[in-house]
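The values are calculated or read from the model by the stated rules, or taken from the named source; none is laboratory data. Nothing here was measured: the structure is a model prediction, and the numbers come from that model. A quick note on method: Cβ atoms are made from the backbone with ideal geometry, for glycine too, and the neighbour counts reach across all protein chains shown. With ligands, DNA and RNA removed, areas are computed over all heavy atoms of the protein, side chains included. Shrake-Rupley method; radii C 1.70, N 1.55, O 1.52, S 1.80 Å.
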Amino acid sequence: MERLELLYVGKAKRVFRTESEDLLILEFTDVATAFNGKKKGNIADKGAINNEMSVYLFNTLEDLEIPTHFVQKLGDREMLVKRVEIIPIEVVMRNIVAGSLSKRLGISEGFELETPVLEFYYKSDELGDPMINEYHIMAMKLASKMEMKKIKDLAFKINTCLINEFSKAGLKLVDFKLEFGRYKGQIILADEISPDTCRLWDMKTNEKFDKDRFRRDLGDVEDAYKEALKRLLGGR
Ligand code: UDP
């Protein structure tokens, strides 16, 4: 499948049209941003790592009958995906307290939550992605009640699957962000699953293998991304 014109430039990905109306090409770049774009940098080979990790995890989810936008890996940094209408909600699932939840509730990072916590944020760079609930979502017609039921159900199933995958890799899945889209009347998982969108801590030492190394200037960012992928793919 050939890459045609550039449709959209995101913070870390570029999206190209293809000869098929239903398919797009995602290109993962090495650009890293944090704090709503205020901090910018480059993480060597991040594009290839995030592509590879997303391909592996989308395949794993598809095997469990969780529908995703993934069609095929095309190159080191590129995948072919179904063209969805993105629902403008960031769906965040948390198993362990970290980041904004720690600040908001005054609970130390690392506290293991009794049950997973699901949160929604309105995707808006202008507003800085404010947290919203299902009433806001309904009132703003961002998604229907039926669609939200599906999104919540998929998010919990995905959490179970990802916890399992990362635990085999010796990593704790602290939290992560998902995006969903509409495709031919169905809700499917879109975007990516990578160290950019997940917090991943070493099972024993709690060492960070994710974007917090970039956000918090902890150093060895490239190596952490590489190690997370290597552990996940294991013997493969
Ligand atoms: N996250 C993301 N994109 C965003 C905001 C959050 O991928 O725009 C991910 C983040 O990497 C973490 C989880 O969602 O795995 C929860 O992030 P949090 O709300 O703690 O915000 P942060 O501390 O990252 O600002």
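For the stretch 41-97, a residue qualifies if it is touching a Gly at 6+ places or on another chain (Cβ under 9 Å), assigned to a strand (DSSP E or B) and farther than 21 Å from Ala228 by Cβ, and the qualifying residues are Lys82, Glu85, Ile86. Among the residues of the stretch 57-79, just one is crowded, with 20+ Cβ neighbours inside 10 Å and without any contact (Cβ under 8 Å) to a residue 40 or more places away in the chain, namely Phe70.
The residue of the stretch 190-223 that is surrounded by the most Cβ atoms within 10 Å (Cβ to Cβ), among those that are within 14 Å of the ligand (Cβ to nearest atom) and assigned to a strand (DSSP E or B), is Leu200.
Lys157 - would you say it is part of a helix (DSSP H, G or I), free of Cβ contacts under 8 Å to residues at least 24 places away in the same chain and of a type in the set (Lys, Arg)? For Lys157, the condition - part of a helix (DSSP H, G or I), free of Cβ contacts under 8 Å to residues at least 24 places away in the same chain and of a type in the set (Lys, Arg) - is not met.
Checking each residue in the stretch 1-39 for being within 14 Å of the ligand (Cβ to nearest atom), more than 15 Å from the chain's Cα centre (by Cα) and open to solvent by 70 Å² or more (accessible area, probe 1.4 Å) picks out Phe35, Asn36, Lys38. Gly110: in a loop (DSSP other than H, G, I, E, B), touching a residue at least 12 places away in the same chain (Cβ under 8 Å) and not polar (S, T, N, Q), yes or no? Yes, satisfied. Looking at Lys152, Lys141, can you tell me which residue is part of a loop (DSSP other than H, G, I, E, B) and surrounded by fewer than 17 Cβ atoms within 10 Å (Cβ to Cβ)? Being part of a loop (DSSP other than H, G, I, E, B) and surrounded by fewer than 17 Cβ atoms within 10 Å (Cβ to Cβ) holds for just one of Lys152, Lys141, which is Lys141. When the stretch 19-40 is examined, which residues are found to be of a type in the set (Ser, Thr, Tyr) and assigned to a loop (DSSP other than H, G, I, E, B)? Correct list: Ser20, Thr29. Of the candidates Leu189, Leu233, the single residue that is under 14 Å from the mean Cα position of the chain (by Cα) and under 25 Å from Phe70 (Cα atoms) is Leu189.
Just the residues that are of a type in the set (Asp, Glu), open to solvent by 30 Å² or more (accessible area, probe 1.4 Å), within 11 Å of the ligand (Cβ to nearest atom) and within 25 Å of Lys11 (Cα to Cα), please, taken from the stretch 80-130. Result: Glu90, Asp125, Asp129.
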